[in-house]
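The block underneath contains the structure these notes are about, expressed in structure tokens.
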Amino acid sequence: GDQFWNDVKKAYNLNDDEMFDLFNKYAIDDAVKKGKRIRFSQNPKDYKTSYLYQEWEYLQNNYGYSELNFKGEYWYAE
């Protein structure tokens, strides 16, 4: 959560963008390489100024994802 994120930022003297580059991108790369299905609990397109949206953009730009489909309770990247 936010407390963990802020604690790590402080401990390593990182800003939010650096945290995204080091942790979010790594987690996305790892998940895609392992063939995991990518899902969001919220539609990233509804949060265009957020890191959630940046994750969606990263998937599009680096792995060719082009669709977000709502199924059940989640938005699936496809």
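Numerical summary
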| read-out | value |
| --- | --- |
| Residue list for the range 10-20, restricted to those being free of Cβ contacts under 8 Å to residues at least 12 places away in the same chain and either surrounded by 14 or more Cβ atoms within 10 Å (Cβ to Cβ) or over 18 Å from the mean Cα position of the chain (by Cα) (or both) | K10, A11, Y12, N13, L14 |
| F4 being touching a residue at least 12 places away in the same chain (Cβ under 8 Å) and more than 14 Å from the chain's Cα centre (by Cα) | no |
| Residue within the range 49-71 that is among the β-branched types (V, I, T) and in contact with a helix residue (DSSP H, G or I) (Cβ under 8 Å, 6 or more places away or on another chain) present | no |
| Index of the failed condition, T49 passing every other in (1) among the hydroxyl-bearing types (S, T, Y); (2) assigned to a helix (DSSP H, G or I); (3) loosely packed, with under 14 Cβ neighbours inside 10 Å | (2) |
| Failed item in (1) surrounded by 14 or more Cβ atoms within 10 Å (Cβ to Cβ); (2) within 17 Å of N24 (Cβ to Cβ), with Y74 passing the rest | (2) |
| Residues satisfying the stated conditions in the range 57-66, i.e. in a helix (DSSP H, G or I) and exposed (fewer than 11 other Cβ atoms within 10 Å of the Cβ) | N61 |
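One line per residue, one yes/no per condition, for (1) open to solvent by 60 Å² or more (accessible area, probe 1.4 Å); (2) outside any loop (DSSP other than H, G, I, E, B); (3) at pLDDT below 95:
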position: W5; (1), (2), (3): yes, yes, yes
position: V8; (1), (2), (3): no, yes, yes
position: L22; (1), (2), (3): yes, yes, yes
position: D30; (1), (2), (3): no, yes, no
position: R37; (1), (2), (3): yes, no, no
position: Q42; (1), (2), (3): yes, no, no
position: K45; (1), (2), (3): yes, yes, no
position: E55; (1), (2), (3): no, yes, no
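The values are calculated or read from the model by the stated rules, or taken from the named source; none is laboratory data. Note that the structure is predicted; figures quoted are calculated from it, not measured. Neighbour counts are summed over all protein chains in view; Cβ atoms, including those assigned to glycine, are modelled from backbone coordinates with ideal geometry. Accessible surface is based on the protein model in full, side chains and every heavy atom, while ligands, DNA and RNA are left aside. Shrake-Rupley method; radii C 1.70, N 1.55, O 1.52, S 1.80 Å.
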